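Chemist: Following this message is one structure expressed as structure tokens.
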Amino acid sequence: MAQETQFVLNSFSFLIWGVLIMWMCAGFTMLESGSVRTKNASVICLKNVGLYAIAGLMFYLIGYNLMYVGVDDLIGSFRFTYGTSEAEKALLGGDADAASDVLENGYSVMSDWFFQMVFVATTASIVSGTLAERVRLWSFFVFVAVLTAFIYPVVGSWTWGGGWLSQMGFQDFAGSTIVHSTGGWAALAGAIIVGARHGKYREDGSVKVTAPSNVPVVTLGVFILWMGWFAFNGGSQLALSGVVDAVAISNILVNTNLAACGGFIAAIALSRPIFGRVDLMVSLNGAIAGLVSITAGPDIVHQYWAIMIGAVGGAVCALSMKILEQIRVDDVVGAISAHLVAGIWGTLAVCIAAGGNLLVQIVGILVIGAFVFSASMLTWYAIRQLMGVRVTLDVERHGQDVAELGIEAYPEFVVLQDPDL
Amino acid sequence: MAQETQFVLNSFSFLIWGVLIMWMCAGFTMLESGSVRTKNASVICLKNVGLYAIAGLMFYLIGYNLMYVGVDDLIGSFRFTYGTSEAEKALLGGDADAASDVLENGYSVMSDWFFQMVFVATTASIVSGTLAERVRLWSFFVFVAVLTAFIYPVVGSWTWGGGWLSQMGFQDFAGSTIVHSTGGWAALAGAIIVGARHGKYREDGSVKVTAPSNVPVVTLGVFILWMGWFAFNGGSQLALSGVVDAVAISNILVNTNLAACGGFIAAIALSRPIFGRVDLMVSLNGAIAGLVSITAGPDIVHQYWAIMIGAVGGAVCALSMKILEQIRVDDVVGAISAHLVAGIWGTLAVCIAAGGNLLVQIVGILVIGAFVFSASMLTWYAIRQLMGVRVTLDVERHGQDVAELGIEAYPEFVVLQDPDL
Amino acid sequence: MAQETQFVLNSFSFLIWGVLIMWMCAGFTMLESGSVRTKNASVICLKNVGLYAIAGLMFYLIGYNLMYVGVDDLIGSFRFTYGTSEAEKALLGGDADAASDVLENGYSVMSDWFFQMVFVATTASIVSGTLAERVRLWSFFVFVAVLTAFIYPVVGSWTWGGGWLSQMGFQDFAGSTIVHSTGGWAALAGAIIVGARHGKYREDGSVKVTAPSNVPVVTLGVFILWMGWFAFNGGSQLALSGVVDAVAISNILVNTNLAACGGFIAAIALSRPIFGRVDLMVSLNGAIAGLVSITAGPDIVHQYWAIMIGAVGGAVCALSMKILEQIRVDDVVGAISAHLVAGIWGTLAVCIAAGGNLLVQIVGILVIGAFVFSASMLTWYAIRQLMGVRVTLDVERHGQDVAELGIEAYPEFVVLQDPDL
């Protein structure tokens, strides 16, 4: 292929897949706003739009440089803003001689930035679901700013940025650990600091069921995520410039799909023994867990492995949802199970068919987990001290929508709100 | 164009259009979950996610081989699993010499598989809408497994697989008959075996109206389908490797859109004389029928024909909805009218502007119809004998959501459920 | 790059971005159907599907020729229908010699048509939101036909068609003025002729709050618009045939995103001082206003300008929403503020970083505004005389859904309708 054709296709690939990954933010929003009670549905919508806006700005201002620019073993550069390269500016300004410099990069500078930005937004999206219905709007936004400006970029610099974990041979193709577990650890830390929703865990040891308030909207969210995942994993080939890329991306999309199928089937099958019924939310989370599981190594050539990796992911997620309930970690949408737990499994599963080194994978999982969890604990703790993290009991009772936004999500519909929680 | 560029673009074309066709599953889900009563909205969501998962697995395990591998006149191979070719594995494994073998295929093996898989899922999606609100969850899943592993692939082997109908000159560019009528025949067989919803047809001859419970969600579904159809028809050019493909796909997208416009306008105009009012559901189904109608021959060069073919499709669909009501075939969303009836019209319409042979088209319609309908009848009948196909009257009354999943789709909203049906 | 590769990529670029722009119609539909009261949600859905169908047909029959074919200074051709070129027909008919003629055009004729068609549909979408809840269904459709056949194409011929404003150097990359302000002026004219909703502005000077009835659906709409805007602006590069295009489109997508982020942040920050609370609708409209603002010049190379232009757009929009309320222009979704006002700002902002001539930009804004506003006033006035534009007070009270369609959007849900409005 001609070099210029490669450049065009590589850049276009970043952009079109990036657009579909941005769309996953809408998927998380629908999943979450359909899962919470109606009295909190508006605030969760606003949180999700806001986190996407904040993530984009923070990654522009600070995050990208920290993750990718001048990475030594441990970290990139502390430097404000990132942008179009000088060669590109010259080219767009009419200097045709700059083309060869531009072409040498293989893809346009900002197409890569765009692709990386939608990844950081995904990480932030994971957190909002777990902490729904009790974390304060502005406290959440502050955490998102820290997560997307610092925590995620540091993890990214160790791995995709070329730092020490990458040099050790840590494999995480599209981010089972780097994106999904990172989001999951941040959510877990938040769940600990913010605490469970009032009334969720009763004194007699029983757990209050909080059913999703709008199932079609939840299902739409899952379809959006499933769709976006093709872009998430396929785009992570990071190129579309030859026969190898085309074959690899094709395998990746197929494996991604089969893993989700496997995760769904495993979770729906296990939901009856574990939860005593065919459980819609568990089944849907099983599909997501299948997707998370294959994300670390979607470029395998034996498709049956994708089904099995996804199925184990779905099973592990279902089990984890039960366990978290029992140890009283309140995760409104099951994000910790679907993203953190399945993400760990997926990162280990790379050793099965994609040739990962088990020891290195474990080191990566542990170190990233320890860093993200402790940095997130610290951040949540600091936010609690400075501005509080949790709405008052009264706000929780009447809903964040009325209290924080002065509106209801469904103002004309007669709803039966549960005053206990 | 360089051979490698062609390979990359052909493969990418399969993948990106395929992703948009997968998205049509979300469209069917929204259309259906907004059309059923609230008491059945969760189950229809689960059915739709499940059918996509099952279709993907069955097509991987059995269907694709039956449809495309070693097709003699009548059928492909009974052989388990399909996957990356040996040449592709060698290439990805680092053997650069394998590239020429890989390139010779014109596109990556799994990109084609992915594209075909989303088609089989579409066929299954058509069935769930018709049978909503009374078919049992697991019985439906068993039918989907048979449909996607055997029934659809056999039809496909006769046509796109290169079998006898294809050799006769049967034309069905993107599947008015192969996908849409096949789904419609399977739905019709199901509607006969499963029977109408309790109370739908009253003893005094009148018909109970069952209005869609969530119109914005239905409308969203139609927009998703309309959008996905560009991929459905455009991707069926099966290549993006030169000027002819680019021109053809452009015409296809424009014709697809104009046919949908024509179908919508015809249906909204006819809804008043036929149904006594401007009918939203009929109008929306008219757009879908327009899309189905053009699907057999979207690659025509005179755009006005697309408008007319679509408009007739919309009219035929509106009429068919009325007739099915009168002959007491209970189709919750009008899928038989929009997919089967308009699909037949579209397959005949190929003779107008795309040069189809009328006799051959009729043979194709009849033989495929006879095969799919009888195979589906047999399958539904066998499922009924083995495990039952229909929920009990009590479940129907209280809704499948509570009975089969133990949840409600909108648990906090106060809804007025009709105890009669 | 080879000429044929350029042709394929240019055409494909029009198509794939065009599909995503079509998707924006679903975004407007969701935004609007979630913003209106439940009693009008079905009609607004039907209006949006209908306007897309009508726009497509009108632009095929009349609009495209008027905008692009044989444009002298003032206007294109009055000629029915547009279609595949003769050279393309010859090529598809098997005449390989026609390829060079086809290639010379740079892209397939109908790929460009498709891309332009989805733009005209966007313009029409803006109008439906402002006039929701009181404009008659068929009157609205007639206006859409005039807007998409005549008004928008005339503006387009002056600018993108190569007419007098283009020759003066008027810059509007993707249509801050040409698409968004045009839609906004048409909406403003409609708001004046149709008048405010009954009871919106009370005699004591206070304004009745009409909250969105379904916030998650509104939020979904905003995400769809944000996503589609990448295509709207990126596709407006009108080519993907080399390194310059790839770099430019990458910058465009990043700037588009950053402007939306800036608009959201500015609006949410200003919503408290201006409206007395953190306002979800104002914040979401701020993101849209950011997108509108950057649309006239998204191809800038300094990304921080995009943030600032978007932020000012969001601020201007929030302020405008307040002012329109005070001067009693009833705009149900805030479309005039987000599209017209922010569109004017965006067209001026071109002078900051994209090198526009301030005087020319002002001339363009004024002349287009004067033309679209007066032509729309005339059209709305004529429609009012011929068939009426406004539903009766009784219809307004009971809702257009029941009155015009005989259905309810949410028939099973118990809703509290406000009898005053």
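The values are calculated or read from the model by the stated rules, or taken from the named source; none is laboratory data. Since we're looking at a predicted model, the values are computed, not measured. Note that each Cβ is placed from the backbone with ideal geometry, even for glycine, and that neighbours are counted across all protein chains shown.
Chemist: State whether one or more residues within segment A:126-143 are more than 10 Å from chain C (Cβ to nearest Cβ) and in contact with a strand residue (DSSP E or B) (Cβ under 6 Å, 6 or more places away or on another chain). Spell out how you get there, then give the answer.
Modeler: Taking segment A:126-143 as the starting set, the residues that turn out to be more than 10 Å from chain C (Cβ to nearest Cβ) are A:126-136, A:139-140, A:142-143.
Keeping just the survivors that are in contact with a strand residue (DSSP E or B) (Cβ under 6 Å, 6 or more places away or on another chain) gives A:134.
Yes: segment A:126-143 contains one or more residues that are more than 10 Å from chain C (Cβ to nearest Cβ) and in contact with a strand residue (DSSP E or B) (Cβ under 6 Å, 6 or more places away or on another chain).
Chemist: Scanning for something in contact with a helix residue (DSSP H, G or I) (Cβ under 8 Å, 6 or more places away or on another chain), within 14 Å of chain B (Cβ to nearest Cβ) and of a type in the set (Phe, Trp, Tyr), does segment C:379-402 turn up at least one residue?
Modeler: no
Chemist: Considering (1) closer than 13 Å to C:Gly262 by Cβ; (2) away from chain A (no Cβ under 14 Å); (3) touching a Cys at 6+ places or on another chain (Cβ under 9 Å), say which one C:Ile307 fails and leave the rest.
Modeler: For C:Ile307, the exception is condition (2).
Chemist: Any residue at all in segment B:276-293 that is of a type in the set (Val, Ile, Thr), outside any helix (DSSP H, G or I) and modelled with pLDDT under 95? Please lay out each step first, then the result.
Modeler: The first filter runs over segment B:276-293 and keeps only residues of a type in the set (Val, Ile, Thr), leaving B:278, B:282, B:288, B:292.
Adding the requirement that they be outside any helix (DSSP H, G or I) leaves B:278.
Checking the rest, the ones that are also modelled with pLDDT under 95 come to none.
Scanning segment B:276-293 turns up no residue that is of a type in the set (Val, Ile, Thr), outside any helix (DSSP H, G or I) and modelled with pLDDT under 95.
Chemist: Okay, next question. Look at C:Ala174 and say whether it is within 15 Å of C:Ile327 (Cα to Cα), surrounded by 24 or more Cβ atoms within 10 Å (Cβ to Cβ) and more than 14 Å from every other protein chain (Cβ to nearest Cβ).
Modeler: On the way: within 15 Å of C:Ile327 (Cα to Cα): no; surrounded by 24 or more Cβ atoms within 10 Å (Cβ to Cβ): yes; more than 14 Å from every other protein chain (Cβ to nearest Cβ): yes.
So C:Ala174 fails the test.
Chemist: Using beta carbons and a limit of 9 Å, which pairs, at least six apart or on different chains, have the first residue in segment A:46-67 and among the charged types (D, E, K, R) and the second one part of a helix (DSSP H, G or I) and modelled with pLDDT of 95 or more?
Modeler: Correct list of pairs: A:Lys47/A:Thr29; A:Lys47/A:Glu32; A:Lys47/A:Ser128; A:Lys47/A:Leu137; A:Lys47/A:Phe140; A:Lys47/A:Phe141; A:Lys47/A:Val144.
Chemist: Hey, another quick one. Within segment A:228-250, how many residues are over 22 Å from the mean Cα position of the chain (by Cα) and part of a helix (DSSP H, G or I)?
Modeler: Number of matching residues: 7.
Chemist: Could you tell me which residue of segment A:199-220 is modelled with the lowest pLDDT, considering only residues that are buried (at least 18 other Cβ atoms within 10 Å of the Cβ) and touching a Leu at 6+ places or on another chain (Cβ under 9 Å)?
Modeler: Checking each candidate, the answer is A:Thr210.
Chemist: Ok, one more. Are there helices (runs of 4 or more DSSP H) fully within segment B:120-169 with at least 1 residues that are closer than 18 Å to B:Met30 by Cα and over 16 Å from the mean Cα position of the chain (by Cα)? List them. Walk me through how you get there before you give the answer.
Modeler: Details: elements: B:137-146, B:152-158, B:164-168.
Output list reads B:137-146.
Chemist: I would also like to ask the following. Identify, please: which residue in segment C:221-253 is at the interface with chain A (Cβ under 8 Å from one of its Cβ atoms) and of a type outside the set (A, V, I, L, M, F, W, C) and is, among those, surrounded by the most Cβ atoms within 10 Å (Cβ to Cβ)? Give the derivation first.
Modeler: Looking only at segment C:221-253, we keep the residues that are at the interface with chain A (Cβ under 8 Å from one of its Cβ atoms), and these are C:222-224, C:226-227, C:230-231, C:234, C:240-251, C:253.
Remaining after also requiring of a type outside the set (A, V, I, L, M, F, W, C): C:234, C:241-242, C:245, C:250-251.
Numbers: C:Gly234: 27, C:Ser241: 23, C:Gly242: 19, C:Asp245: 22, C:Ser250: 28, C:Asn251: 30.
If we take residues in segment C:221-253 being at the interface with chain A (Cβ under 8 Å from one of its Cβ atoms) and of a type outside the set (A, V, I, L, M, F, W, C), then C:Asn251 is surrounded by the most Cβ atoms within 10 Å (Cβ to Cβ).
Chemist: In segment B:22-35, is there at least one residue being touching an Asp or Glu at 6+ places or on another chain (Cβ under 9 Å) and either in a helix (DSSP H, G or I) or surrounded by fewer than 24 Cβ atoms within 10 Å (Cβ to Cβ) (or both)?
Modeler: Kept after step one, since they are touching an Asp or Glu at 6+ places or on another chain (Cβ under 9 Å), are these residues of segment B:22-35: none.
No, segment B:22-35 contains no residue that is touching an Asp or Glu at 6+ places or on another chain (Cβ under 9 Å) and either in a helix (DSSP H, G or I) or surrounded by fewer than 24 Cβ atoms within 10 Å (Cβ to Cβ) (or both).
Chemist: Turning to a different aspect of this structure: Does segment A:103-111 contain at least one residue that is surrounded by fewer than 24 Cβ atoms within 10 Å (Cβ to Cβ), without any contact (Cβ under 8 Å) to a residue 40 or more places away in the chain and of a type in the set (A, V, I, L, M, F, W, C)?
Modeler: yes
Chemist: Is it the case that B:Gly50 is closer than 18 Å to A:Leu220 by Cα and either modelled with pLDDT of 95 or more or of a type in the set (S, T, N, Q) (or both)?
Modeler: Working: closer than 18 Å to A:Leu220 by Cα: yes; either modelled with pLDDT of 95 or more or of a type in the set (S, T, N, Q) (or both): yes.
Spelling it out, B:Gly50 is indeed closer than 18 Å to A:Leu220 by Cα and either modelled with pLDDT of 95 or more or of a type in the set (S, T, N, Q) (or both).
Chemist: Now a separate question. Only residues that are farther than 26 Å from B:Gly399 by Cβ, among the hydroxyl-bearing types (Ser, Thr, Tyr) and touching a helix residue (DSSP H, G or I) at 6+ places or on another chain (Cβ under 6 Å): list them for segment B:136-184, please.
Modeler: Looking only at segment B:136-184, we keep the residues that are farther than 26 Å from B:Gly399 by Cβ, and these are B:146, B:148-182, B:184.
Pick out the ones that are also among the hydroxyl-bearing types (Ser, Thr, Tyr) and you get B:148, B:152, B:157, B:159, B:166, B:176-177, B:181-182.
The answer is B:Thr148, B:Tyr152, B:Ser157, B:Thr159, B:Ser176, B:Thr177, B:Ser181, B:Thr182.
Chemist: Still on this structure: If a residue has to be aromatic (Phe, Trp, Tyr) and closer than 13 Å to A:Ala26 by Cα to count, how many in segment C:216-249 make the cut?
Modeler: Taking segment C:216-249 first, the residues aromatic (Phe, Trp, Tyr) are C:223, C:226, C:229-230, C:232.
Then keep just the ones that are closer than 13 Å to A:Ala26 by Cα; that gives C:223, C:226.
So the answer is 2.
Chemist: Report yes if A:Asp279 is at the interface with chain B (Cβ under 8 Å from one of its Cβ atoms) and either among the hydroxyl-bearing types (Ser, Thr, Tyr) or within 29 Å of B:Val402 (Cβ to Cβ) (or both), otherwise no. Walk me through it before giving the result.
Modeler: Details: at the interface with chain B (Cβ under 8 Å from one of its Cβ atoms): yes; either among the hydroxyl-bearing types (Ser, Thr, Tyr) or within 29 Å of B:Val402 (Cβ to Cβ) (or both): yes.
It is true that A:Asp279 is at the interface with chain B (Cβ under 8 Å from one of its Cβ atoms) and either among the hydroxyl-bearing types (Ser, Thr, Tyr) or within 29 Å of B:Val402 (Cβ to Cβ) (or both).
Chemist: Have a look at A:Ile274, A:Ile268 and point out the one that is at negative phi, out of contact with any Gly (no Cβ under 9 Å at 6 or more places or on another chain) and of a type outside the set (D, E, K, R).
Modeler: On the way: A:Ile268 fails: out of contact with any Gly (no Cβ under 9 Å at 6 or more places or on another chain).
After ruling out the rest, the residue left standing is A:Ile274.
Chemist: Looking at segment B:181-219, which of its residues are of a type in the set (Gly, Ala, Ser) and outside any helix (DSSP H, G or I)?
Modeler: Residues of segment B:181-219 that are of a type in the set (Gly, Ala, Ser), as a first pass: B:181, B:183-184, B:186-187, B:189-191, B:195-196, B:199, B:205-206, B:211, B:213.
Matches in segment B:181-219: B:Gly195, B:Ala196, B:Gly199, B:Gly205, B:Ser206, B:Ala211, B:Ser213.
Chemist: Count, please, the residues in segment B:50-95 that happen to be among the hydrophobic types (A, V, I, L, M, F, W, C), within 26 Å of the chain's Cα centre (by Cα) and farther than 23 Å from B:Ser166 by Cα. Reasoning before the result, please.
Modeler: Taking segment B:50-95 and keeping what is among the hydrophobic types (A, V, I, L, M, F, W, C), we get B:51, B:53-55, B:57-59, B:61-62, B:66-67, B:69, B:71, B:74-75, B:78, B:80, B:87, B:90-92.
Still in the list and also within 26 Å of the chain's Cα centre (by Cα): B:51, B:53-55, B:57-59, B:61-62, B:66-67, B:69, B:71, B:74-75, B:78, B:80.
Next, only the ones that are farther than 23 Å from B:Ser166 by Cα stay: B:51, B:53-55, B:57-58, B:61, B:80.
The qualifying residues number 8.
Chemist: Can you tell which of C:Ala26, C:Ala53 is of a type outside the set (Val, Ile, Thr), facing chain B (nearest Cβ under 9 Å) and more than 26 Å from A:Ser13 (Cβ to Cβ)? Give the steps one after another, and end with the answer.
Modeler: On the way: C:Ala26 fails: more than 26 Å from A:Ser13 (Cβ to Cβ).
The match here is C:Ala53.
Chemist: Then there is this: With the requirement that a residue be buried (at least 24 other Cβ atoms within 10 Å of the Cβ) and more than 8 Å from chain B (Cβ to nearest Cβ), what does segment A:254-276 give you?
Modeler: Hits for segment A:254-276 are A:Asn255, A:Thr256, A:Ala259, A:Gly263, A:Ala266, A:Ala267, A:Ser271.
Chemist: For C:Thr38, indicate whether it is touching a Ser or Thr at 6+ places or on another chain (Cβ under 8 Å), farther than 23 Å from C:Val118 by Cβ and not aromatic (Phe, Trp, Tyr). Break it down stepwise before answering.
Modeler: On the way: touching a Ser or Thr at 6+ places or on another chain (Cβ under 8 Å): yes; farther than 23 Å from C:Val118 by Cβ: yes; not aromatic (Phe, Trp, Tyr): yes.
In short, yes.
Chemist: If you don't mind, another one. Using beta carbons and a limit of 8 Å, which pairs, at least six apart or on different chains, have the first residue in segment A:172-188 and more than 14 Å from A:Ser128 (Cβ to Cβ) and the second one crowded, with 24+ Cβ neighbours inside 10 Å and acidic (Asp, Glu)?
Modeler: A:Ile178/A:Asp172
Chemist: Is it true that some residue in segment A:284-303 is among the hydroxyl-bearing types (Ser, Thr, Tyr) and within 10 Å of another protein chain (Cβ to nearest Cβ)?
Modeler: No, segment A:284-303 contains no residue that is among the hydroxyl-bearing types (Ser, Thr, Tyr) and within 10 Å of another protein chain (Cβ to nearest Cβ).
Chemist: Give A:Asp101, A:Asp72 a once-over and let me know the one that is away from every other protein chain (no Cβ under 11 Å) and either more than 16 Å from A:Ile151 (Cβ to Cβ) or assigned to a helix (DSSP H, G or I) (or both). Lay out the reasoning, then the answer.
Modeler: On the way: A:Asp101 fails: away from every other protein chain (no Cβ under 11 Å).
Checking each option against the conditions leaves just A:Asp72.
Chemist: Here are A:Leu324, A:Leu358, A:Leu416, A:Leu348: which of them is surrounded by fewer than 16 Cβ atoms within 10 Å (Cβ to Cβ), at pLDDT 95 or above and of a type outside the set (Asp, Glu)? Talk me through it step by step, then tell me what you get.
Modeler: Working: A:Leu324 fails: surrounded by fewer than 16 Cβ atoms within 10 Å (Cβ to Cβ); A:Leu416 fails: at pLDDT 95 or above; A:Leu348 fails: surrounded by fewer than 16 Cβ atoms within 10 Å (Cβ to Cβ).
It is A:Leu358.
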